[in-house]
Amino acid sequence: MSATKEGPSKAVERALSILEGISHRAGGMTNSEISRRLGIPKSSASYILRTLERRGYLRRERGSGKYRVGLKVLSLGRGVLVGLGIREAALPMLRQLVERSHLAGHLAILDRGEAVYIEKVEGPGFIKMDTWVGRRMEVHSTSVGKALVAHLPEAEVEAIIRERGLKKRTPKTITDRCKFLRELETVRAHGYAVDDQENSVGVRCVAAPVFDSLGKVEASVGVSGITSQVDKAHLPKIAELVKETARRISHQLGYEIPSRRS
């Protein structure tokens, strides 16, 4: 079935579903896999795949026949990131945080109820985090996500929970609504959030919110490592490094830390 017969709107939806589906599969996907997983007829999928490949948004491996994301997609990503001034402002301080903590550093923003990485600085050594710029994460199971939503009005948090749910990622994931709201109270009280193997077993992360000139959370900055790197004994020190970095980035964005009254 051609894009004309199925309607332009349906064709666009299917093209976007295919791009999103392939982007989340590191090994790529064949036409058959795309058709089966996304529920798109093979003929329609084939037509869309050929179009996306011709335009450079996908590339096809000759041997396996699997489609992977093409370089053209990167140009779109660069266009988005250019508009995110916070990325340029935060990058030098994110690099310093990585140098001081010896952990992988991330900068994330909130988009449609998810935390999205807009910058990453890889940590030193052989241990690498399975994260990348553009990766979308659940807010309830990640430290960057908790930091992003902790200062939202409760009604907005509730709306995210209703739409996204509280999916169980690991045995330690918070899946109870009331417990998650209490967790956000802790984030506000301490000034930082912790993901204690809640999104990935064996990985512990710490993040803090970044505020703009109006006092609104603009992003979150955090570090990630395996549990032996971010052990309980060193957690307070790591949290202070993250909070300090978040304060510096916030100041760069024009945020003035409220003075304490004696």
Exercise for review: Look at residue 180 and say whether it is surrounded by fewer than 19 Cβ atoms within 10 Å (Cβ to Cβ) and either at pLDDT below 95 or touching a helix residue (DSSP H, G or I) at 6+ places or on another chain (Cβ under 8 Å) (or both).
Suggested key: no
Check your understanding: Does residue 140 satisfy the condition of being modelled with pLDDT of 95 or more, outside any helix (DSSP H, G or I), in contact with a strand residue (DSSP E or B) (Cβ under 9 Å, 6 or more places away or on another chain) and buried (at least 19 other Cβ atoms within 10 Å of the Cβ)?
Key -> no
Exercise for review: Within the stretch 145-198, work out how many residues are basic (Lys, Arg), touching a residue at least 24 places away in the same chain (Cβ under 8 Å) and assigned to a helix (DSSP H, G or I).
Suggested key: 3
**Study point:** Criterion violated by residue 236 - all others in (1) within 16 Å of residue 97 (Cα to Cα); (2) surrounded by 13 or more Cβ atoms within 10 Å (Cβ to Cβ); (3) not acidic (Asp, Glu) satisfied
**Key:** (2)
Practice item. Assess whether residue 119 counts as being assigned to a strand (DSSP E or B), in the same structural domain as residue 206 (by TED's automatic domain parsing) and among the acidic types (Asp, Glu). Key: yes
**Study point:** Matching residues, the stretch 37-77, being among the β-branched types (Val, Ile, Thr) and part of a helix (DSSP H, G or I)
**Key:** 48, 51, 73
Exercise for review: Mind telling me which of the residues 164, 169 ends up being assigned by TED's automatic domain parsing to the domain that holds residue 204 and within 16 Å of residue 205 (Cα to Cα)?
Suggested key: 169
Study note, to complete from the structure: With criteria (1) assigned by TED's automatic domain parsing to the domain that holds residue 125; (2) modelled with pLDDT under 80; (3) charged (D, E, K, R), residue 99 comes up short on (2)
Review point. Which condition number does residue 105 fail, the rest of (1) under 11 Å from the mean Cα position of the chain (by Cα); (2) not in a loop (DSSP other than H, G, I, E, B) being met?
Key: (1)
Study note, to complete from the structure: Among residues of the stretch 244-262 being in contact with a helix residue (DSSP H, G or I) (Cβ under 9 Å, 6 or more places away or on another chain) and either surrounded by 12 or more Cβ atoms within 10 Å (Cβ to Cβ) or at pLDDT 90 or above (or both), the residue farthest from residue 89 (Cα to Cα) is 244
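The values are calculated or read from the model by the stated rules, or taken from the named source; none is laboratory data. Predicted model only: the values in this text are computed from it and were never measured. Heads up, the Cβs are rebuilt from the backbone with ideal geometry, glycines too, and the neighbour counts pull from every protein chain shown.
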